[in-house]
Ligand SMILES: Cc1cc2nc3c(=O)[nH]c(=O)nc-3n(C[C@H](O)[C@H](O)[C@H](O)COP(=O)(O)OP(=O)(O)OC[C@H]3O[C@@H](n4cnc5c(N)ncnc54)[C@H](O)[C@@H]3O)c2cc1C
């Protein structure tokens, strides 16, 4: 079994080949901070002291993030994007460790409203006390979670379009035992909190004229909603197909909103599918979003469309595989992975 070591905290752990490095770091308490876990923010950038070759080649996203931070591609890697390889790895001192308390780019926002959308998902609206706030549709904010045992930072996608420069909204699912999501669910109007951002390169390509296929599961609808509202703001004529996956009838949210958006945006078609629907209570599509890809996307779409995927890792992987099998090239598939 490969041994993964964290020199700056003097810890080592054995890991399985193929295991996600983020999980190894957490298990070992390896002292590398994470925020986006998607290769976009660079919080986890760390030099590799030994074993860099076993971490595989540098992806375009990793190279872009490291270069933006001015870090050497021969030495630094983003552990959030890495799987454990065949041999041992020794990580050095994380790039952000020295700056951990300086909180560059941090600013305060005020909770303006809290609205439950179903039993586990809530929508929050924030007032931004900063004149030059501008987010691109699809980006996220990093929230500082003050009441965890150690300072943690969690990412939440902005669900509103950039046209409102003094507010943004998020929608968050309360994860059992999770510090970040439950902290957000306890926030109430008037409270102030520290955030960073906006961050992220999962953004709508506004220069493109291609048709758009959007696929979201759960709160993965948040950045997709921001993109849809932006397309509507811009009176776009681009054809959009949205596949939204949830589990049960009780998980449904944003159904009225989607109906309203479709009424105002004639080029939008959407399908909501429930993977564990009660047939007596749900007449709509049943199954996973990949079933909707099989039914509504064809090989001909690969030449004319681009795709935006947002949700958990299994959905991203299965949807990407289905789209690649239809002939979609990797550069037409954009994704944000929440966990
Ligand atoms: C770029 C980005 C944008 C994000 N945007 C959103 C968003 O708009 N809305 C949103 O609800 N979440 C979003 N997330 C996920 C969010 O950042 C947190 O990971 C999530 O809220 C859980 O944090 P926690 O501190 O509550 O739980 P943790 O204490 O981190 O985790 C508790 C346990 O739950 C598991 N877990 C973590 N997240 C999930 C999940 N979403 N579903 C099921 N199990 C999970 C963990 O593996 C762990 O075992 C985003 C993530 C990223 C990387």
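Is there a residue being assigned to a loop (DSSP other than H, G, I, E, B), assigned by TED's automatic domain parsing to the domain that holds residue 298, away from the ligand (no atom under 15 Å from the Cβ) and surrounded by fewer than 24 Cβ atoms within 10 Å (Cβ to Cβ) anywhere in the range 221-235? Checked against the condition, which is being assigned to a loop (DSSP other than H, G, I, E, B), assigned by TED's automatic domain parsing to the domain that holds residue 298, away from the ligand (no atom under 15 Å from the Cβ) and surrounded by fewer than 24 Cβ atoms within 10 Å (Cβ to Cβ), the range 221-235 yields at least one hit. Of all residues in the range 1-28, those satisfying the criterion of being touching a helix residue (DSSP H, G or I) at 6+ places or on another chain (Cβ under 9 Å) and farther than 15 Å from residue 85 by Cα are 6, 8, 9, 11, 12, 28. Entry remark, the range 11-49: residues being at pLDDT 85 or above and on the phi > 0 side of the Ramachandran plot number 3 in total. Evaluation of residue 62 against the conditions (1) in a helix (DSSP H, G or I); (2) in contact with a strand residue (DSSP E or B) (Cβ under 6 Å, 6 or more places away or on another chain); (3) within 16 Å of the ligand (Cβ to nearest atom) shows that the sole unmet condition is (2).
Residues in the range 174-202 that are modelled with pLDDT under 95, surrounded by 20 or more Cβ atoms within 10 Å (Cβ to Cβ) and within 30 Å of residue 287 (Cβ to Cβ): 200, 202.
Within the range 298-310, identify whether any single residue is in a helix (DSSP H, G or I), crowded, with 17+ Cβ neighbours inside 10 Å, touching a helix residue (DSSP H, G or I) at 6+ places or on another chain (Cβ under 7 Å) and at pLDDT 95 or above, and answer yes or no. Looking through the range 298-310, none of the residues is in a helix (DSSP H, G or I), crowded, with 17+ Cβ neighbours inside 10 Å, touching a helix residue (DSSP H, G or I) at 6+ places or on another chain (Cβ under 7 Å) and at pLDDT 95 or above.
Scanning the range 146-175 for residues that are within 7 Å of the ligand (Cβ to nearest atom) and over 19 Å from residue 112 (Cβ atoms) yields 152, 154, 155, 173, 175. Out of all the residues in the range 21-30, is one or more in contact (Cβ under 8 Å) with a residue 60 or more places away in the chain, in a loop (DSSP other than H, G, I, E, B) and closer than 21 Å to residue 155 by Cβ? Yes; the residues of the range 21-30 include at least one that is in contact (Cβ under 8 Å) with a residue 60 or more places away in the chain, in a loop (DSSP other than H, G, I, E, B) and closer than 21 Å to residue 155 by Cβ.
Residues that are in contact (Cβ under 8 Å) with a residue 60 or more places away in the chain, surrounded by fewer than 18 Cβ atoms within 10 Å (Cβ to Cβ) and either farther than 23 Å from residue 226 by Cα or within 16 Å of the ligand (Cβ to nearest atom) (or both): does the range 311-323 have at least one? Yes, the range 311-323 contains a residue that is in contact (Cβ under 8 Å) with a residue 60 or more places away in the chain, surrounded by fewer than 18 Cβ atoms within 10 Å (Cβ to Cβ) and either farther than 23 Å from residue 226 by Cα or within 16 Å of the ligand (Cβ to nearest atom) (or both).
The values are calculated or read from the model by the stated rules, or taken from the named source; none is laboratory data. These figures come from a predicted structure and were not determined experimentally. Because the Cβ atoms are built from the backbone with ideal geometry, glycine has one as well, and the counts that use them run over all protein chains shown.
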